[in-house]
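Inspection log for the structure reproduced underneath, given as structure tokens.
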Amino acid sequence: MSKKKPKKKGVDVLGRMPKKTEGQLNVYYHVAENSGVGFYRQYLPAKVLRDLDIQNATISDFRFGKGDHALMDMHTLFEVAMWADLIVVGRHDKGDYYAQWGGIREFFNMPIVMDTDDNVQHVRPSNPGYTGYHPGSEALMWNKHAVGKVFDAITVSTENLVEVYKEDNPKIYHLPNNIDVKEWEKYPIKKFDDGKIRVGFIGSSAHTEGIKIIKPPLKRILEEHSNVILFMTHVYRSHFEDWPKELKDRIEWIPWLELETWPKELRALGLDISLAPLADNMFNRGKSNLRWMEYSACKWATVASDVEPYRCINNGKDGILVKERNEWYEAIDSLVKDEKLRYNIGENAFERISKDFDIRNNCKKWDAVYKEIHKKYHDFFGKKKVFKKVKKGKYKQLA
């Protein structure tokens with residue numbers, strides 16, 4: 001029996017470096033975070049651009065948060081750089097990481113793009129990421145250096161981040177977050193017929209400030225409406241320990257939901273009203289409207305903070321925007337009492353994201369941006385260097 005060949009490090013989950021197609025760029029997307037960031041910023045656009053035959057896209061190892069990346073060895077990296085016309089790199093603020101991409105850029109004379117979707121210069125102390133991104137930290141130093149001196153262009157998820165980073169690199173492009181509506185539509189939306197109204201917040205441990213915003217109005221809602229059940233991410237359990245037992249007994253704690261099955265598990269929760277609280281500060285202004293998009297993909301009626309990321313919402317039509325504590329209470333209370341209002345807002349929101357925020361409708365913008373970066377780079381710096389493999393591990397420069 002022949003032995004199976006060991007799996008190579010850095011295997012591309014979309015297929016190993018496809019052949020060149022006339023009129024298409026060869027774009028390699030390097031995922032830095034094996035998480036939702038890597039999914040929405042590299043994996044999803046690469047996959048859809050490939051599926052729709054718009055771009056010759058390939059991607060580094062991605063595992064939907066399950067286990068560590070398979071790191072690429074230098075031989076594989078060299079092969080990728082020979083194949084690619086342009087490389088897109090997820091932000092990872094370490095010196096050796098950025099030195100690697102700077103070296104590839106110089107050796108091959110090819111454009112390297114960094115993508116980021118956070119204002120890391122203003123991470124909040126309540127955010128777990130503050131341990132690495134506090135004032136004076138090494139990560140912040142490398143981030144600023146990389147944005148200004150290593151990469152040929154920067155892509156970001158919001159217009160706010162364009163303003164944040166353009167001072168260090170004027171070659172900056174806005175590529176908004178999108179969702180794959182087709183993927184979400186595969187799964188049924190859970191509906192209950194028990195007279196209960198389900199109100200919920202689903203988010204990571206980085207939203208302590210948001211929990212503080214919605215906690216007082218939620219307490220009042222539960223006190224006044226015995227048919228309301230609160231759904232809350234389990235990491236915030238300690239924040240509700242001071243509530244009376246009869247209210248705490250009406251909280252359903254949501255466990256960790258797997259990224260790979262995120263659309264299925266979110267739609268299965270069966271919420272009626274979803275909450276998107278966000279404190280107004282420099283860090284949060286750089287965030288995208290992704291939470292509202294995911295809620296809307298479930299046809300939930302969303303109440304959101306009236307801050308920059310959520311001002312895409314048509315207030316009262318596909319969501320409700322609020323500022324003050326009493327406005328949170330009034331908005332949730334109105335939705336609890338009015339089933340038709342909940343239904344209309346949820347349906348309008350789903351229609352809106354299907355039209356304006358579906359990656360399958362918008363992915364051509366990603367391709368157009370990369371083609372512009374590629375053209376401008378080579379118009380200025382000349383052609384990419386070409387190498388021929390002459391024997392194992394040996395290459396000869398042809399041009």
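Computed values, structure above
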quantity: About the Cα centre, charge dipole magnitude for the range 182-356 (Lys/Arg +1, Asp/Glu -1 at Cβ), debye; calculated: 140 debye
quantity: Longest site-free stretch - the chain; sites: GluC sites (Glu not before Pro), DSSP loop, at most 14 other Cβ within 10 Å; calculated: 23-166
quantity: Length-normalised contact order for the chain - Cα pairs under 8 Å, 6+ apart - percent; calculated: 16 percent
quantity: Residue (of Phe240, Leu222, Ser204) at the positive-pole extreme of the range 182-356, dipole from beta-carbon charges; calculated: Ser204
quantity: Calculated mean projected area of the Cα convex hull in nm² (choose from (i) 20.6; (ii) 23.0; (iii) 25.6), label; calculated: (ii)
quantity: With at most 10 other Cβ atoms within 10 Å, longest stretch of the chain clear of loop trypsin sites (Lys or Arg not before Pro) (DSSP); calculated: 192-382
quantity: Under 5 Å, built H, 5+ apart or other chain: amide partners of Thr233; calculated: Phe201, Gly203, Ile254
quantity: Relative contact order (%) - criterion: Cα under 8 Å, at least six apart; region: the range 182-356; calculated: 24 percent
quantity: Max mean-square fluctuation residue, GNM over the chain, Cα-Cα springs under 10 Å, options Met293, Met82, Met110; calculated: Met82
quantity: DSSP-defined antiparallel bridges as percent of all bridges, the chain, nearest 5; calculated: 10 percent
quantity: Rg/Rh (Cα only; Kirkwood hydrodynamic radius) as it applies to the range 300-373; calculated: 1.14
quantity: Point-charge dipole on Cβ atoms (K/R +1, D/E -1) for the chain, about Cα centre, debye to 20; calculated: 2300 debye
quantity: Dipole axis of the chain (+1 Lys, Arg; -1 Asp, Glu on Cβ), positive-most option in Gly103, Leu290, Asn315; calculated: Gly103
quantity: For the range 250-373: rounded, prolate or oblate by the Cα gyration tensor [a/c cutoff 1.5]; calculated: prolate
quantity: Amide N of the range 263-290 lying under 17 Å from the label point, which is placed 7 angstrom from the Cα of Asp338 along Cα→Cβ; calculated: 272-274
quantity: Sequence-distant residues sharing a close amide H with Val27 (under 5 Å, placed H); calculated: Asn56, Ala57, Thr58, Asp85
quantity: Estimated 222 nm signal from helices in the chain, with DSSP H stretches of n ≥ 4 weighted -39500 (n - 2.57), rounded to 500; calculated: -10500 deg cm²/dmol
quantity: D (Stokes-Einstein, µm²/s), Kirkwood Cα radius, the range 136-258, 0.692 mPa s at 37 °C; calculated: 177 µm²/s
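Where a number appears in this text, it was derived from the coordinates with a stated rule and is not lab data. Remember, predicted model here, so these are calculated numbers, not experimental data. Ideal geometry is used to build each Cβ from the backbone, glycine not excepted, and the neighbour counts take in all protein chains shown.
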